[in-house]
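As structure tokens, the structure follows; a few thoughts come after it.
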Amino acid sequence: MPKNRNTFSFLARWPRRAASRAVHLGWAWAQRAGAVTAEHPGRLRFGAIGAGTRLAFPQGTVFGEPWIELGAHCIIGEQVTLTAGMMPDLDLGPDPILTLGDGVVLGRGSHVIADTTVTIGPDTYCGPYVYITSTNHSYDDPHEPVGKQWPRMEPVEIGPGCWIGTGAVVLPGARLGRNVVVAAGAVVRGEVPDHAVVAGAPARVVRSWHPEKGWQPPLRTPAPVPIPKGVTPEQLLALAELDEAHETS
């Protein structure tokens, strides 16, 4: 009798398992087919999109593509919003409004809103849900709803090699130098020098690099040891397995 119950239970679960597998396979196919690349741009017609760049599916809100230029080998996560201009179907002139350099990474759910020029330098990495905007609400008139007042716009420039942590906000007029680290949740405005770490809301410099003194205040952890040249992925995997076996023995 238990054996029969197990058989019936399996038969009852089989349609759900089959449906679940079909849904996952279908979604994987949609992710592959819906991704945007230079070779397969779909409905999006960017001003430029470099080789190896990929916008994951599903995309967020994207408009003003003729004024958006994406460099090579960029990774744009799911649900990332990229906009040029205040609304679709505007003529924004001859020059690009939003420019991403080669190798830029935008994490899932990030927003880059470029009503005026926004430039993100090459090899800048953004964590999930980063918000970069060249526009902010104004509230000059105390009698008019804030949302109905004409916004203020200032260009944004992010230098090469920056790291922008999860949930950070970069406000209009911000100018980040080279290799700047923005802590998670920071709100950045104004100018940030090269090789600085900023945190807080509003963000302030909490660590910076000096050619003679190095990082000030000094780093609390030692620098990571780089992988020696010539080491293969297989060797790294074997080494990790040895470390795991040593820890469990």
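The values are calculated or read from the model by the stated rules, or taken from the named source; none is laboratory data. Computed from a predicted model, the values in this text were never measured in an experiment. Quick reminder, even Gly has a Cβ in these numbers, built from the backbone with ideal geometry, and neighbours come from all protein chains shown. The accessibility values were calculated without ligands, DNA or RNA, using every heavy atom of the protein model including side chains. Shrake-Rupley method; radii C 1.70, N 1.55, O 1.52, S 1.80 Å.
Data for the structure
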| read-out | value |
| --- | --- |
| Members of the range 204-249 found to be open to solvent by 80 Å² or more (accessible area, probe 1.4 Å), part of a strand (DSSP E or B) and among the basic types (Lys, Arg), listed by number | 204 |
| Among the residues listed as 183, 201, the single one being of a type outside the set (Asp, Glu) and open to solvent by less than 50 Å² (accessible area, probe 1.4 Å) | 183 |
| Residues (out of contact with any strand residue (DSSP E or B) (no Cβ under 7 Å at 6 or more places or on another chain) and β-branched (Val, Ile, Thr)) located in the range 198-229 | 221, 225, 227 |
| So residue 108, is it closer than 18 Å to residue 55 by Cβ, out of contact with any strand residue (DSSP E or B) (no Cβ under 6 Å at 6 or more places or on another chain) and part of a loop (DSSP other than H, G, I, E, B) | yes |
